[in-house]
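The values are calculated or read from the model by the stated rules, or taken from the named source; none is laboratory data. Values in this document were obtained by computation on a predicted structure and should not be read as measured data. In this analysis, Cβ positions are derived from the backbone assuming ideal geometry, glycine residues included, and neighbour counts consider all displayed protein chains. Note: accessible area is taken over every heavy atom of the protein model, side chains too, but ligands, DNA and RNA are not part of it. Shrake-Rupley method; radii C 1.70, N 1.55, O 1.52, S 1.80 Å.
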Amino acid sequence: MKFIQLFLASSIVEFEQERNELSNYIRMLTDISVKRDIYFELTLCEDLSNAVAKDRKQEEYNQKIRDSQYFCVLFGRDAGEYTIEE
């Protein structure tokens, strides 16, 4: 099976509905593709633990992004400090 890692980031509040719709689409695509031995592994920014980290928590997000094959970020009128860093 081929695994394709995707990371989806955005403002947690501003784009909640859009992230949900996009993640539902990717999960539907996975259901179809798995029959062809392709699995889309989707990580949403809110999926990662908010627990206190040994290092800066944003570094864990950044590492997960680097480990992903595809990174998608949704921007609105403004982008926060961490979204810009990602």
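If we scan the stretch 30-44, do we find a residue that is closer than 19 Å to residue 80 by Cα, outside any loop (DSSP other than H, G, I, E, B) and either modelled with pLDDT of 80 or more or touching a Pro at 6+ places or on another chain (Cβ under 9 Å) (or both)? Give the steps one after another, and end with the answer.
Restricting attention to the stretch 30-44, the residues satisfying the condition of being closer than 19 Å to residue 80 by Cα are 44.
Applying the additional criterion that residues be outside any loop (DSSP other than H, G, I, E, B) yields 44.
Adding the requirement that they be either modelled with pLDDT of 80 or more or touching a Pro at 6+ places or on another chain (Cβ under 9 Å) (or both) leaves 44.
Yes, because at least one residue in the stretch 30-44 is closer than 19 Å to residue 80 by Cα, outside any loop (DSSP other than H, G, I, E, B) and either modelled with pLDDT of 80 or more or touching a Pro at 6+ places or on another chain (Cβ under 9 Å) (or both).
Report, ordered by the first and then the second residue, all pairs with beta carbons closer than 6 Å, sequence separation of six or more or different chains, a first member in the stretch 60-81 that is closer than 26 Å to residue 39 by Cα and of a type outside the set (S, T, N, Q), and a second member that is open to solvent by 40 Å² or more (accessible area, probe 1.4 Å) and assigned to a strand (DSSP E or B).
Pairs found: 65/71.
How many residues does the stretch 3-44 hold that are of a type outside the set (A, V, I, L, M, F, W, C) and out of contact with any helix residue (DSSP H, G or I) (no Cβ under 9 Å at 6 or more places or on another chain)? Before the answer, list the steps.
Of the residues in the stretch 3-44, the ones of a type outside the set (A, V, I, L, M, F, W, C) are 5, 10-11, 14, 16-21, 23-25, 27, 30-31, 33, 35-37, 39, 41, 43.
Still in the list and also out of contact with any helix residue (DSSP H, G or I) (no Cβ under 9 Å at 6 or more places or on another chain): 14, 17-18, 20-21, 23-25, 27, 30-31, 33, 35-37.
Of the residues in that region, 15 qualify.
With the requirement that a residue be within 12 Å of the chain's Cα centre (by Cα), aliphatic (A, V, I, L, M) and loosely packed, with under 14 Cβ neighbours inside 10 Å, what does the stretch 9-32 give you?
12
Can you tell me how many residues within the stretch 56-85 are open to solvent by less than 70 Å² (accessible area, probe 1.4 Å) and polar (S, T, N, Q)?
At the first step, the residues of the stretch 56-85 found to be open to solvent by less than 70 Å² (accessible area, probe 1.4 Å) are 57-58, 61-62, 64-65, 68, 72-74, 76, 79-80, 83.
Retained after the next criterion (residues that are polar (S, T, N, Q)): 58, 62, 68, 83.
Residues in the stretch 56-85 being open to solvent by less than 70 Å² (accessible area, probe 1.4 Å) and polar (S, T, N, Q): 4 in total.
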